[in-house]
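Participant: Take a look at this one; I'll ask things after.
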Amino acid sequence: QVHLVESGGGLVQPGGSLRISCVASGSIFRVNGMGWYRQAPGKQRELVAYIMTGGNINYADSVKGRFTISRDNAENTVSLQMNTLKPEDTAVYYCQASLTTYDSGGYLHAGYWGQGTQVTVSS
């Protein structure tokens, strides 16, 4: 069984910074990619930033130059440093991981989601 646990959300003023993190735990053989999506009220879930094991990184255009994603491969952790936050960044931020897991039946490639952490940017 795999668990993704996010931390670090909260309330911040416009122009401020926030760092959110996610730890993956369980029967993980390999992390293929980890990243962040977000969903604002009334909107679809969208990609924010994603980092693949090979180091390839994708950012949404709306966060380029403001957000930085990083991974700790040894700890199965991904973090998102968010700077110069704007009210439109307000959303629930979800950690997503593409994992290869193992059990008695062998290996399984699948995607997993965390529960989400609220980020609110408001004065």
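The values are calculated or read from the model by the stated rules, or taken from the named source; none is laboratory data. In this text, all values refer to a predicted model and were calculated from it rather than measured experimentally. Because the Cβ atoms are built from the backbone with ideal geometry, glycine has one as well, and the counts that use them run over all protein chains shown. For the accessible areas, the whole protein counts, side chains as well, though only heavy atoms, and no ligand, DNA or RNA atoms are used. Shrake-Rupley method; radii C 1.70, N 1.55, O 1.52, S 1.80 Å.
Participant: Using unit Cβ charges (K, R positive; D, E negative) and no other charged atoms, how large, in debye to the nearest 20, is the dipole of segment 5-104 about its Cα centre?
Facilitator: On the way: 9 positive and 8 negative charges, 43 e Å.
The dipole of segment 5-104 has a size of about 200 debye.
Participant: Turning to a different aspect of this structure: Could you tell me the distance between the Cα centroids of segment 72-118 and segment 1-32, to the nearest Å?
Facilitator: Centre-to-centre distance over Cα atoms comes out at 6 Å.
Participant: Another one. Rg/Rh for the chain to two decimals, with Rh computed the Kirkwood way over all alpha-carbon pairs.
Facilitator: Numbers: Rg = 14.6 Å, Rh = 14.7 Å.
Computed over Cα atoms, the ratio is 1.00.
Participant: Skip the ligands, DNA and RNA, and give the accessible area per residue of the chain with a 1.4 Å probe, whole Å².
Facilitator: Working: 6610 Å² over 123 residues.
Dividing the accessible area of the chain by its residue count gives 54 Å².
Participant: Quick check: with the 1.4 Å probe, what order do PHE29, PHE67 take by accessible area, largest first?
Facilitator: Values: PHE29 110, PHE67 5 Å².
Putting PHE29, PHE67 in descending order of accessible area: PHE29, PHE67.
Participant: Something else now. Can you tell me the convex hull volume per residue for segment 71-123, based on C-alpha atoms, in Å³ to the nearest whole number? Write out the running numbers ahead of the final one.
Facilitator: Numbers: hull volume 5.2 nm³, N = 53.
Each residue corresponds to 97 Å³ of Cα convex hull volume.
Participant: Each residue of segment 11-20 in turn: what ³J(HN,Hα) in whole Hz from Karplus with 6.51, -1.76, 1.60 and θ = phi - 60°, glycine and Pro shown as x?
Facilitator: After applying 6.51 cos²θ - 1.76 cosθ + 1.60, I find 9, 9, 7, x, x, x, 10, 8, 10, 10 Hz.
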